[in-house]
Amino acid sequence: MNRELAKQYDPKEVEDRIYQMWLDGNYFHAKCDPEKKTFTIVIPPPNITGQLHMGHALDETLQDILIRFKRMQGYDTLWLPGTDHASIATEAKIVEAMRKEGVTKEDIGRDGFLERAWDWKAKYGGRIIEQLKKLGSSCDWERERFTLDDGCSKAVREVFVNLYEKGLIYRGERIINWCPHCCTSISDAEVEYEEQQGHFWHLRYPFKDGSGYLELATTRPETLLGDTAVAVNPNDERYKDIVGKTLILPIVHREIPVVADDYVEMDFGTGVVKITPAHDPNDFEVGLRHNLEVINVLTDDAKIVADYPKYAGMDRYEARKAIVADLEAEGALVKIEDYSHNVGTCYRCGTTVEPRVSKQWFVSMKPLAGPAIDAVKDGRTKFVPQRFEKIYFHWLENIRDWCISRQLWWGHRIPAWYCADCGEITVSREDAHVCAHCGSKNITQDPDTLDTWFSSALWPFSTLGWPEETEDFKHFYPTNTLVTGYDIIPFWVMRMMFSGLEQTGQVPFDTVLIHGLVRDSQGRKMSKSLGNGIDPLEVIDQYGADALRFSLATGNSPGNDMRYINERVEASRNFANKMWNAARFILMNLKSDEVLPLKPENFALEDKWILSQFNTLAAGVTENLERYELGLAVQKLYDFIWDVFCDWYIEICKSRLNGEDETAADTARAVLTHVFTGTLALMHPFMPYITEEIWQSMPHCGEALVVAEWPTYTEAFNFTAEEGEFEKIMAVIKAVRNRRAEMNVPASKKAKVCIASATPETFRAGAAYICRLASATEVEVGDDFDADGAVRIVTDAATVFIPMKELVDAEKELERLNKELEAANNDKAFIEKKLSNENFVSKAPAAVVDQQRQNLAKVCDKIALLENSIAEMEKLK
RNA sequence: GGAGGCUUAGCUCAGCUGGUCAGAGUGCCUGCUUCACACGCAGGAGGUCGCGCGUUCGAGCCGCGCAGUCUCCACCA
């Protein structure tokens, strides 16, 4: 017989055991069955830098819901897991760990460093995977990948060489964003701007001919060392005559020209800008237009170069102080203003980024962006919610070339070799040993690695075996849904799109499901510095993975940020417990493990009602899931399980289960089990552990819920008419409860209930549970009762009498009845007004008008019953 | 400067193509050792759906304007 279940659900006792059962059953493994339709998701690979946070928990939960849903629907589902080497982030962490040991990268060399990095990967990559499992993620672990594994590396080389051969990857000297802390270039997307309090230094540069000074302002006086011009707007009348004249740069005493350029805003500051091509992106452009010299004044770690002995070795900020002091001494400093402006910082370490001219590798973006824009414009890939298309388009339409080389060691090394003899570059899929141009063996590989996003961009196909035409690639590519946060669109989504289109000719996925950020209870971003982060694993430990998943999937609409509220997880835990106890109830009322057949000929009214309700639920949940309305789906399930199934159906079944009629009891058992196991199936994607655990202990067909069939709408169980009848009974029960509560009658004080109705059969059928749920001793259905000294209750379909003489105050009863009558008359007038509006009747859809007519009929019935009651009361008085 | 989100019960939020849409959870109040569950049961109070104008037979839901708030992008030295 069924095993005893504990009174409270204990996730700790269940989760690991169930997860192991799934693994043993190999249920997550995609079979690559050519006969079946596929549904594929590739995981946004978590970085191996640390551990899972709430954002991951949300991301993985959404993916797992979709995957489990499709798996149960019979698709050949693949959820491909893996991790990202996260070059800059991981390297920074390792360097930091080494610093604590007093070791530098240079001390141990490239190979030694990579050895440490792979150790790091083994340790933290493995930890992330374990954390994913704790959440219940049903990934195909046999297909786990890593962005730096052999297959992905091969894909990276293939793509690099492809693009190089097409002229879409080039090497050039450009101004790029440089992080002086990480000592590497970073891409535009990796720069974060933040407002900082700074100063505006007003300086004056003397004319060479001694004809006075030109005043200008700067936020970065130290870059003066690299000034090679001063610019004014060509239309600026004030400076018309000085364009072309020569200035003497203070301190350095170099001669620099005054140039005219549209870039200068006339009405900002003095309308004069000092031009430092080597250290400002706009100045660099100006420099190109005017053929200005580019003078680099900073080292890799943002110190002044040796060319300026007085300041050499000072960092940017020390040099600023020293130079300002010298400017003052020289009489070149006019004044200092406070000024607040935006400063670019490195998204990984927060250091102020230094724009810098440097030789780097770039991807030509314009030719790649076009097809990626088209693919979304023509609907081959859809964003959910659609509004995120705008971010995507905006980025692609304004894109600049992508700087892909990084001065880091942890990553895919750039497959380019430089020849010391002929100076040419050899780019190759295989490691090169001789120069492709002159055959010299005197070649060395570029020391740099690729931006970590270069490999992530290939993730949807590199993980499936591309560039080989593998079975997996043919079967599962393109993938279906990509789930990620809106903050990752420019980094990743966009790049996967153009990479997929360029390399495979197809979009990498048909849908991008975008979610928001998980914030703390006060709406702040969770961050290490604030210390307000909540560890999903601790939440799982306390409340269970299902409770966490449920909380993350509900009460939030797609793309919007959500707050993490502990009380909501508690509520979810309580809900899990509710399901658990519903299961306990059913199990303790079953006689065997056998699946009882449903016998429609024995169905009672309530059975038809619940089956019909379940039908609606299955159809609704399926539709919501297909439309990515996960929050709506889960809300329907919650309401059904708690309000419909537990509070009504289970309660109503109790009289049959405890009664003499074994056939009736068996019918109740069969329907209870059928509906409940079906509901568990619908609930499974959201709360996989508890549903599987319960399902296993209930009578069932099949091995496991994870691979059970998804419930569908069944026409044979569509009992609309019976639902209406049953709702009449519910209305009576609610009304009686309500009146008793109003009169402060305890449930223990039971009383006879008499019902007069035009549909007496309905109420005879429901007599047993009216007794149970409305604290009645017995139910009498008829059409004539002694109303003297009885409490009267009127519903749409019935008049109810409760003989409780001691409680009846005829005056008050009358007053109440009249009040209800007034309300009903108001309703009636409102509906009649609507129906007498010809515009409404002619323009509104027939169904809406019909609904109003039905409402009118109901109200009229109620009014008739109320009037009748009032008349009788008056008589008695 | 540009774009977008949000503004619905004390709090946190749902409300799909406009027509039982005024909801849920939590909190609060009143009862309840009802044979699954007090992580529970029954009942209840609480909102002119930010403000104004418009479209419509009908508007939290569509349009315009305003206010508050948050975010993203750009960035004037």
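The values are calculated or read from the model by the stated rules, or taken from the named source; none is laboratory data. What you are looking at is a predicted structure, and each value in this text was computed from that prediction instead of being measured. When we count neighbours, we look across all protein chains shown, and the Cβ atoms used for this are built from the backbone with ideal geometry, even at glycine.
Taken together, A:445, A:407 contain a single residue that is among the polar types (S, T, N, Q) and either modelled with pLDDT under 95 or touching a Lys or Arg at 6+ places or on another chain (Cβ under 7 Å) (or both), which is A:445.
Within segment A:750-775, the set of residues being within 16 Å of RNA strand B (Cβ to nearest atom), surrounded by fewer than 22 Cβ atoms within 10 Å (Cβ to Cβ) and not aliphatic (A, V, I, L, M) comprises A:750, A:771, A:772, A:775.
Can you tell me how many residues in segment A:280-308 are free of Cβ contacts under 8 Å to residues at least 24 places away in the same chain and within 13 Å of RNA strand B (Cβ to nearest atom)? Residues that pass the stated criteria total 3.
Could you tell me whether any residue of segment A:767-776 is small (Gly, Ala, Ser), over 18 Å from residue A:742 (Cα atoms) and in contact with a Phe, Trp or Tyr (Cβ under 8 Å, 6 or more places away or on another chain)?
Step one: of segment A:767-776, the residues small (Gly, Ala, Ser) are A:767-768, A:774-776.
Adding the requirement that they be over 18 Å from residue A:742 (Cα atoms) leaves A:767-768.
Keeping just the survivors that are in contact with a Phe, Trp or Tyr (Cβ under 8 Å, 6 or more places away or on another chain) gives none.
Scanning segment A:767-776 turns up no residue that is small (Gly, Ala, Ser), over 18 Å from residue A:742 (Cα atoms) and in contact with a Phe, Trp or Tyr (Cβ under 8 Å, 6 or more places away or on another chain).
Looking only at segment A:304-347, residues that are surrounded by fewer than 14 Cβ atoms within 10 Å (Cβ to Cβ), touching a Lys or Arg at 6+ places or on another chain (Cβ under 6 Å) and over 15 Å from residue A:180 (Cα atoms) come to 0 in all. Whenever a residue of segment A:806-827 is over 24 Å from residue A:857 (Cβ atoms), its partners that are among the charged types (D, E, K, R), lying with C-beta atoms within less than 6 angstrom and at least six residues away or across chains, give the pairs A:810/A:877.
Listed conditions (1) within 13 Å of RNA strand B (Cβ to nearest atom); (2) surrounded by 21 or more Cβ atoms within 10 Å (Cβ to Cβ) are all met by residue A:581, apart from (2). Looking at (1) within 20 Å of residue A:752 (Cβ to Cβ); (2) of a type in the set (D, E, K, R); (3) assigned to a loop (DSSP other than H, G, I, E, B), which one does residue A:796 not meet, given that it meets all the others? Of everything listed in (1) within 20 Å of residue A:752 (Cβ to Cβ); (2) of a type in the set (D, E, K, R); (3) assigned to a loop (DSSP other than H, G, I, E, B), residue A:796 misses just condition (1).
All of A:302, A:322 fail the test of being at pLDDT below 95 and closer than 14 Å to residue A:225 by Cβ, apart from A:302.
A quick yes/no check of all residues on (1) under 17 Å from residue A:206 (Cβ atoms); (2) buried (at least 20 other Cβ atoms within 10 Å of the Cβ); (3) under 47 Å from the mean Cα position of the chain (by Cα):
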| residue | (1), (2), (3) |
| --- | --- |
| A:244 | yes, no, no |
| A:248 | yes, no, no |
| A:253 | yes, no, no |
| A:257 | yes, no, no |
| A:262 | no, no, yes |
| A:265 | no, no, yes |
| A:271 | no, no, yes |
| A:278 | no, yes, yes |
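The residues of segment A:730-747 that are near RNA strand B (Cβ under 6 Å from one of its atoms), outside any helix (DSSP H, G or I) and in contact (Cβ under 8 Å) with a residue 24 or more places away in the chain amount to a single one, A:747. Summed over segment A:822-848, the residues that are near RNA strand B (Cβ under 8 Å from one of its atoms) and surrounded by 14 or more Cβ atoms within 10 Å (Cβ to Cβ) give a count of 3.
Out of segment A:640-660, which residues are acidic (Asp, Glu) and near RNA strand B (Cβ under 7 Å from one of its atoms)? I'd like the intermediate steps shown before the answer.
Residues of segment A:640-660 acidic (Asp, Glu): A:643, A:647, A:651, A:660.
Scanning segment A:640-660 gives A:647, A:651.
Residues are listed down the side, and each one gets a yes or a no for (1) more than 30 Å from residue A:160 (Cβ to Cβ); (2) surrounded by 15 or more Cβ atoms within 10 Å (Cβ to Cβ):
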{"position": "A:496", "(1), (2)": "no, yes"}
{"position": "A:501", "(1), (2)": "no, yes"}
{"position": "A:515", "(1), (2)": "yes, yes"}
{"position": "A:524", "(1), (2)": "yes, no"}
{"position": "A:536", "(1), (2)": "yes, yes"}
{"position": "A:539", "(1), (2)": "yes, yes"}
{"position": "A:547", "(1), (2)": "yes, yes"}
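Pairs linking a residue in segment A:98-120 that is closer than 20 Å to residue A:85 by Cα to a residue that is small (Gly, Ala, Ser), with Cβ atoms under 9 Å and 6 or more positions apart or on different chains, are A:105/A:112; A:116/A:97; A:120/A:97.
Kindly check whether there is at least one residue in segment A:685-698 that is charged (D, E, K, R), buried (at least 18 other Cβ atoms within 10 Å of the Cβ) and in a helix (DSSP H, G or I). Let's see the steps before the verdict.
First, the residues of segment A:685-698 that are charged (D, E, K, R): A:692-693.
From what is left, the residues that are buried (at least 18 other Cβ atoms within 10 Å of the Cβ) are A:692-693.
Add one more test, that the residue is in a helix (DSSP H, G or I), and what stays is A:692-693.
Yes: segment A:685-698 contains one or more residues that are charged (D, E, K, R), buried (at least 18 other Cβ atoms within 10 Å of the Cβ) and in a helix (DSSP H, G or I).
Filtering segment A:205-214 for residues that are assigned to a strand (DSSP E or B) and touching an Asp or Glu at 6+ places or on another chain (Cβ under 6 Å) leaves an empty set.
For residues in segment A:549-563 being modelled with pLDDT of 90 or more and within 28 Å of residue A:7 (Cα to Cα), which is surrounded by the most Cβ atoms within 10 Å (Cβ to Cβ)?
Taking segment A:549-563 first, the residues modelled with pLDDT of 90 or more are A:549-553, A:559-563.
Pick out the ones that are also within 28 Å of residue A:7 (Cα to Cα) and you get A:549-553.
Working: A:549: 28, A:550: 27, A:551: 28, A:552: 30, A:553: 22.
Taking the candidates together, the pick is A:552.
Hey, among the residues in segment A:222-279 that are in contact with a Phe, Trp or Tyr (Cβ under 8 Å, 6 or more places away or on another chain), part of a loop (DSSP other than H, G, I, E, B) and in contact (Cβ under 8 Å) with a residue 60 or more places away in the chain, which one's nearest to RNA strand B (Cβ to nearest atom)? Filtering segment A:222-279 for residues that are in contact with a Phe, Trp or Tyr (Cβ under 8 Å, 6 or more places away or on another chain), part of a loop (DSSP other than H, G, I, E, B) and in contact (Cβ under 8 Å) with a residue 60 or more places away in the chain, the one nearest to RNA strand B (Cβ to nearest atom) comes out as A:269.
Selection within segment A:184-198: residues that are more than 8 Å from RNA strand B (Cβ to nearest atom) and crowded, with 17+ Cβ neighbours inside 10 Å. The member of this set that is farthest from residue A:406 (Cα to Cα) is A:190. Name the helices (runs of 4 or more DSSP H) wholly inside segment A:1-117 in which the number of residues that are over 21 Å from the mean Cα position of the chain (by Cα) and crowded, with 20+ Cβ neighbours inside 10 Å is 3 or more. It comes to A:11-25, A:87-101. Cβ separations smaller than 6 Å between residues 6+ apart or across chains give the following pairs from segment A:59-75 residues that are closer than 16 Å to residue A:712 by Cβ to residues that are of a type in the set (D, E, K, R): A:75/A:37. For segment A:323-363, filtered to residues that are within 16 Å of RNA strand B (Cβ to nearest atom) and part of a helix (DSSP H, G or I), the residue that is farthest from residue A:400 (Cα to Cα) is A:327.
If you go through segment A:121-144, how many residues are touching a residue at least 60 places away in the same chain (Cβ under 8 Å) and either surrounded by fewer than 21 Cβ atoms within 10 Å (Cβ to Cβ) or in a helix (DSSP H, G or I) (or both)?
Within segment A:121-144, the first condition is being touching a residue at least 60 places away in the same chain (Cβ under 8 Å), and the residues that meet it are A:121, A:124-125, A:127-128, A:131-144.
Those still in the list that are either surrounded by fewer than 21 Cβ atoms within 10 Å (Cβ to Cβ) or in a helix (DSSP H, G or I) (or both) too: A:121, A:124-125, A:127-128, A:131-134, A:140-144.
Total satisfying the criteria: 14.
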